[in-house]
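Everything below concerns the one structure shown next.
The values are calculated or read from the model by the stated rules, or taken from the named source; none is laboratory data. This structure is a prediction, so every number in the text was calculated from the model and none was measured. Glycine gets a Cβ as well: all are built from the backbone with ideal geometry, and neighbour counts include every protein chain shown.
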Amino acid sequence: MLVEPSGPRNVGSVARLCANFGIHQLRLVAPRCDPRGDEARQMAVHGVAHLQEATIYPDLASALADCRRVVAATGRLEGPPLPLQPPAAALSWLLAPDDPAPQTSLALVFGREDRGLSNDELLQAGRLLHISAAGTYPSLNLSHAVAVVLHHLWTLRQELQPEPQLSPHPPASAPPESPATLAPRGAIEAGLADAEALLLDVGFLHPHTARARMAKLRGLLQRAELTENDLALLRGMVCQLRWASRRGVAAGGDH
């Protein structure tokens, strides 16, 4: 997933990398160039189909709405809203072999060529990936960064391929308990919007500080890795608290 890419050659190169490393879906968020123009097509080579089939979204939240595990790449070393991880650690979390969520709900996010991803955008990811490089010039070209990450991802996927069963009758054992499925980003954002409205109503948040305090809450929830059941519990709490607060206001108005 590319956020506001401005270079058509970078977009074309990323489409080619998708073909190289078996990535079946390319999403573009508000591209600032023609992602299907001649320059992009020239760089895509055998990845032209990925350009043709790329889905374009108006913002990152809508692009991630159906995603459950999100890794965002960033070159920033100062002030990231979540801890930075090397590719191996971040991608191992992304692929979590025992996660029942479908592969189509996983996302890798790369930011703008000139300024990367904002803090608000980084907080929509469960992990932040950082590629280390020489301190004299640590900034990578967008398509080069994508190449490094996708190569790591490809290698990890090969390592996670199940080994062939040597015995036709393996010993019986209880299957491991599957972990709960992580909540999709769209549902988390909707829950956060409900919580923010309630916290503003009851005075815990104030309009001029709400954004900063909600960013801290978003970071906390990202570190907690909310499952669908967790989110349902939190949304139920918010709903009940809203009902109670409004009932209290109504009761107070009767006096």
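Mind telling me which of the residues Ser105, Ser132 ends up being in the same structural domain as Gly7 (by TED's automatic domain parsing), of a type in the set (S, T, N, Q), closer than 30 Å to Gln161 by Cα and over 15 Å from the mean Cα position of the chain (by Cα)?
On the way: Ser105 fails: over 15 Å from the mean Cα position of the chain (by Cα).
One residue alone meets the criteria, Ser132.
Once the stretch 157-203 is narrowed to residues that are under 26 Å from the mean Cα position of the chain (by Cα) and at pLDDT below 55, the residue that is farthest from Asp66 (Cα to Cα) is Glu177. If the condition is being small (Gly, Ala, Ser) and outside any helix (DSSP H, G or I), then the stretch 1-18 contributes Ser6, Gly7. Considering only the stretch 71-93, I want to know if a residue exists there that is crowded, with 22+ Cβ neighbours inside 10 Å and polar (S, T, N, Q). Checked the stretch 71-93: at least one residue is crowded, with 22+ Cβ neighbours inside 10 Å and polar (S, T, N, Q). Taking the stretch 210-249 as the range and being more than 25 Å from the chain's Cα centre (by Cα) and without any contact (Cβ under 8 Å) to a residue 40 or more places away in the chain as the test, the residues that pass are Met237, Gln240, Trp243, Ala244, Arg246, Arg247, Gly248, Val249. The sole residue among Asp120, Asp98 that is touching a residue at least 60 places away in the same chain (Cβ under 8 Å), closer than 21 Å to His152 by Cα and among the charged types (D, E, K, R) is Asp98.
Residues are listed down the side, and each one gets a yes or a no for (1) out of contact with any Phe, Trp or Tyr (no Cβ under 8 Å at 6 or more places or on another chain); (2) exposed (fewer than 15 other Cβ atoms within 10 Å of the Cβ):
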site	(1), (2)
Leu17	yes, no
Arg27	no, no
Pro31	yes, no
Pro35	yes, no
Ala40	yes, no
Ala44	yes, no
Val48	yes, no
Leu51	yes, no
Ile56	yes, yes
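Can you name every residue in the stretch 94-107 that is acidic (Asp, Glu) and either in contact with a Cys (Cβ under 6 Å, 6 or more places away or on another chain) or crowded, with 22+ Cβ neighbours inside 10 Å (or both)? Of everything in the stretch 94-107, nothing turns out to be acidic (Asp, Glu) and either in contact with a Cys (Cβ under 6 Å, 6 or more places away or on another chain) or crowded, with 22+ Cβ neighbours inside 10 Å (or both). Evaluate the following for Asp99: is it under 21 Å from Arg223 (Cα atoms), within 13 Å of the chain's Cα centre (by Cα) and part of a loop (DSSP other than H, G, I, E, B)? In short, no.
For Ala125, state whether it is in a loop (DSSP other than H, G, I, E, B) and either surrounded by 19 or more Cβ atoms within 10 Å (Cβ to Cβ) or outside the structural domain of Thr74 (by TED's automatic domain parsing) (or both).
Against the criterion (in a loop (DSSP other than H, G, I, E, B) and either surrounded by 19 or more Cβ atoms within 10 Å (Cβ to Cβ) or outside the structural domain of Thr74 (by TED's automatic domain parsing) (or both)), Ala125 qualifies.
From the list Ser13, Ser6, pick out the single residue that is hydroxyl-bearing (Ser, Thr, Tyr), in contact (Cβ under 8 Å) with a residue 40 or more places away in the chain and touching a Lys or Arg at 6+ places or on another chain (Cβ under 7 Å). Please lay out each step first, then the result.
Details: Ser13 fails: touching a Lys or Arg at 6+ places or on another chain (Cβ under 7 Å).
Criteria check complete, one pass: Ser6.
Restricted to the stretch 202-247, and to residues that are part of a loop (DSSP other than H, G, I, E, B) and either of a type in the set (Val, Ile, Thr) or at positive phi (or both), which residue is surrounded by the most Cβ atoms within 10 Å (Cβ to Cβ)? Checking each candidate, the answer is Glu225.
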